[in-house]
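Notes to accompany the following structure.
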Amino acid sequence: MSQLSHKSQLSHKIQCQEEPNLMAKTLHKVADETLDIAPLSLKQQQVLRALLECGLPHVAQPYLAIAKQIAATQTQVLAQISHWQEDGLVKRFGLVVKHRKLGFKANAMVVWNIADDRVSEVAEQLSSCAEVSLCYRRPRRLPDWPYNLFCMIHGTDRAVVIAQIAAMTKKFSLEDIQKDTLFSFKAYKQQGARYGKKGDVNG
């Protein structure tokens, strides 16, 4: 498969992370249409949160399967998730892309030493590039680590990724900016964030 078609697959996956999930919209609708739902207990809420952080089960009715694990109804689970969305505890439902399984093994994190008063400007420029999947600011760790802006590029060919970095650097006149390119060699772990306390699922 070509670099372009691989890139299209990854781009589609990443967009799924950023755009509102249709299933998440359904949660609001269910909550709005259902009255007098018995609230989940604190323990049920803790276990539900931990289960959601592990990802939805791969079954036709994932929320029903989760409800059975916490001795609740599917309606209760959907209403609780909707409530968390309204409160901001749950921002969105997204995909954790196993990009290496899609053939993306030339993955580079580019680190930049940007003047503090230009970070937002340069971050916006880099974020506008389709090949950049992540872009975020982190504090410097002087004197050994001067970099404060990070962006991630996934590719199937190392040479193509290097060329993309060079093109971005030239496009935004960043030739004089100190930077380094860190290619990953092996993926040991990749998962979504975990916020529940250890042992929440099993009590």
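Here Leu182, Leu134 are screened, and the one residue that is modelled with pLDDT under 95 and assigned to a strand (DSSP E or B) is Leu134. Return a yes/no flag: does segment 14-32 have any residue that is at pLDDT 90 or above, small (Gly, Ala, Ser) and part of a helix (DSSP H, G or I). No, segment 14-32 contains no residue that is at pLDDT 90 or above, small (Gly, Ala, Ser) and part of a helix (DSSP H, G or I). The residues of segment 141-157 that are in contact (Cβ under 8 Å) with a residue 12 or more places away in the chain and either closer than 12 Å to Ile114 by Cα or not in a strand (DSSP E or B) (or both), listed by number, are Pro146, Tyr147, Asn148, Leu149, Phe150, Thr156, Asp157.
Which of the residues spanning segment 65-80 are in contact (Cβ under 8 Å) with a residue 12 or more places away in the chain and surrounded by fewer than 16 Cβ atoms within 10 Å (Cβ to Cβ)?
Gln69, Ala71
The values are calculated or read from the model by the stated rules, or taken from the named source; none is laboratory data. Remember, predicted model here, so these are calculated numbers, not experimental data. FYI the Cβ positions are ideal-geometry reconstructions off the backbone, even for glycines, and counts take in every protein chain you see.
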